[in-house]
1. Does Ser290 fit the bill of being small (Gly, Ala, Ser) and surrounded by fewer than 17 Cβ atoms within 10 Å (Cβ to Cβ)?
2. For segment 349-360, how many residues meet the condition of being surrounded by 19 or more Cβ atoms within 10 Å (Cβ to Cβ) and within 17 Å of Asp41 (Cβ to Cβ)?
3. Name, by its number, the condition in (1) assigned to a loop (DSSP other than H, G, I, E, B); (2) at pLDDT 95 or above; (3) under 22 Å from Ser188 (Cβ atoms) that does not hold for Tyr360.
4. So which pairs qualify, if the first residue must be in segment 158-174 and without any contact (Cβ under 8 Å) to a residue 60 or more places away in the chain, the second must be of a type in the set (S, T, N, Q), the Cβ gap must be under 7 Å, and the two must be at least 6 apart or on different chains?
5. List the number of the failed condition for Tyr228; all other conditions in (1) of a type outside the set (Val, Ile, Thr); (2) within 13 Å of the ligand (Cβ to nearest atom); (3) open to solvent by less than 10 Å² (accessible area, probe 1.4 Å); (4) over 14 Å from Leu99 (Cβ atoms) hold.
6. Among the numbered criteria (1) surrounded by fewer than 24 Cβ atoms within 10 Å (Cβ to Cβ); (2) in contact with a Ser or Thr (Cβ under 7 Å, 6 or more places away or on another chain), which one does Val186 miss?
7. Search segment 106-123 for residues that are closer than 16 Å to Ser143 by Cα and pair each with any residue that is at pLDDT 95 or above and acidic (Asp, Glu) when their beta-carbon atoms are under 7 Å apart and the residues are at least 6 apart or on different chains.
Amino acid sequence: MDYDSYFDEALGLLHKERRYRVFITIERDAERFPRAVWHSDEGPRDVVVWCTNDYLGMGRHPQVIDAMVTTAQRMGAGAGGTRNIAGNSAPIVGLERALAELHRKDAALVFTSGYVSNETGIATIAKLLPDCLILSDAQNHNSMIEGVRRSGAEKVIFRHNDLEHLEDLLRQAGKTRPKLIVFESVYSMDGDVSPIHAICDLAERYGAMTYIDEVHAAGLYGARGAGYAEEVDALHRLDVIEATLAKGFGCVGGYIAARRNIIDAVRSHAHGFIFTTALPPAVAAAATASVRHLMESGEERQRHRRQVALTKGALVAAGLPVKPGPTHIVPVMVGDPERAKQASDMLLAEHSIYVQPINYPTVARGTERLRITPTPFHDAAMIEHLTDSLVAVWKALKLPFVDRAAAA
Ligand code: PMP
């Protein structure tokens with residue numbers, strides 16, 4: 001059998017559809033964040049990263065780095081086992097306590113990534129509910145979709161943020177059947193937000209449980225960084241809150257926070273929790289330092305909001321097609337995979353700016369874009385340079401500007 005031909009065929013299709021993925025190699029620089037060194041073909045080059053998910057720069061925070069280094073020195077590099085067998089370190093238990101406190105829930109459970117927490121968390125919770133119907137937002141992240149699939153439960157998809165559609169589906173399911181509504185707070189590619197209170201109202205009226213993904217909001221929103229649910233005072237209304245330690249908190253790992261019995265049941269049933277090595281103590285200590293710091297300090301969030309507003313303002317004033325939205329995610333729309341890639345390549349090669357193009361299947365075909373994520377550390381000069389560079393690239397590629405006179 002010529003097995004290689006199958007892989008060659010798959011690769012050929014990716015190239016044909018212009019979906020072949022290229023990752024550039026960078027070395028982040030903790031002291032000069034958000035600058036990094038790009039390993040280009042011609043040698044190392046300084047670039048400014050405009051597409052990081054280390055939204056607040058917590059990955060470079062001295063307290064976070066210090067917690068990681070000192071814990072690694074004291075406890076070693078790895079966890080030494082699964083949570084059940086020798087891997088249940090004091091730092092991971094402390095991290096779960098901090099996360100429960102953050103989200104004002106009884107308990108939290110840490111997984112190796114946000115992806116795993118959704119995949120295994122949703123699957124396990126739905127399996128524990130007899131004849132569960134899952135109601136899932138059409139724009140949910142792949143990790144949630146996989147969790148829904150793996151649960152084996154019946155699912156219905158409601159149109160993105162469409163409360164009438166959700167209510168219709170809840171009504172059809174009837175009051176007595178167990179139901180789980182899964183949705184996000186901040187949607188990662190458009191940067192729009194869900195109507196959390198209205199979804200909780202429906203959940204209460206029709207007797208459904210709620211599961212929210214706060215991956216793009218935890219650390220960033222709310223007075224203590226507990227996410228969008230805290231921002232709109234809805235923490236107490238949600239049954240399960242899932243998030244990551246890899247974005248706002250700048251480390252790695254994922255978790256769910258909920259009532260004690262939910263966490264306790266998931267702990268003993270979730271395969272993606274039971275059968276895998278625990279997060280290293282050093283990572284848990286760093287994440288705890290990050291969570292605790294952001295619970296106390298609003299400074300990073302304030303600076304973040306200011307720099308996001310300045311960036312959006314500058315790009316919109318220059319006539320660039322920014323998709324409007326209330327959050328820190330700034331999508332600049334291109335609408336074609338090839339041109340999105342060309343724009344990204346030109347920004348890097350000619351302007352020392354790194355913005356990864358976002359193509360199908362991450363976003364729908366025809367909505368390809370540059371997804372820009374300002375941090376508190378992108379200063380005025382960087383914003384001006386980004387704006388001028390994008391304008392130059394847009395002109396060179398003959399991409400359309402927004403006709404502001406016509407739009408007004
Ligand atoms: N949920 C959403 C909405 C995401 O966008 C992502 C990843 N970007 C995840 C979950 C997975 O999180 P992690 O990167 O920690 O695996």
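The values are calculated or read from the model by the stated rules, or taken from the named source; none is laboratory data. Note that the coordinates shown come from a computational prediction; the quantities given were computed from them, not determined experimentally. When we count neighbours, we look across all protein chains shown, and the Cβ atoms used for this are built from the backbone with ideal geometry, even at glycine. Calculation scope for accessible area: heavy atoms of the full protein, side chains included, ligands and nucleic acids excluded. Shrake-Rupley method; radii C 1.70, N 1.55, O 1.52, S 1.80 Å.
1. No.
2. Selection size over segment 349-360: 1.
3. The single condition Tyr360 does not satisfy is (2).
4. His160/Gln139; Asn161/Ser194
5. With (1) of a type outside the set (Val, Ile, Thr); (2) within 13 Å of the ligand (Cβ to nearest atom); (3) open to solvent by less than 10 Å² (accessible area, probe 1.4 Å); (4) over 14 Å from Leu99 (Cβ atoms) applied to Tyr228, the lone miss is (3).
6. (1)
7. Qualifying pairs under 7 Å: Val110/Glu96; Ser117/Glu242; Asn118/Asp213; Asn118/Glu242; Glu119/Glu146; Gly121/Glu242.
Let's see how each residue does on (1) polar (S, T, N, Q); (2) closer than 29 Å to Arg18 by Cβ; (3) at pLDDT below 95:
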| residue | (1), (2), (3) |
| --- | --- |
| Leu294 | no, no, no |
| Ser297 | yes, no, no |
| Gln307 | yes, no, no |
| Ala314 | no, no, no |
| Leu348 | no, yes, no |
| Leu370 | no, yes, no |
| Leu399 | no, yes, no |
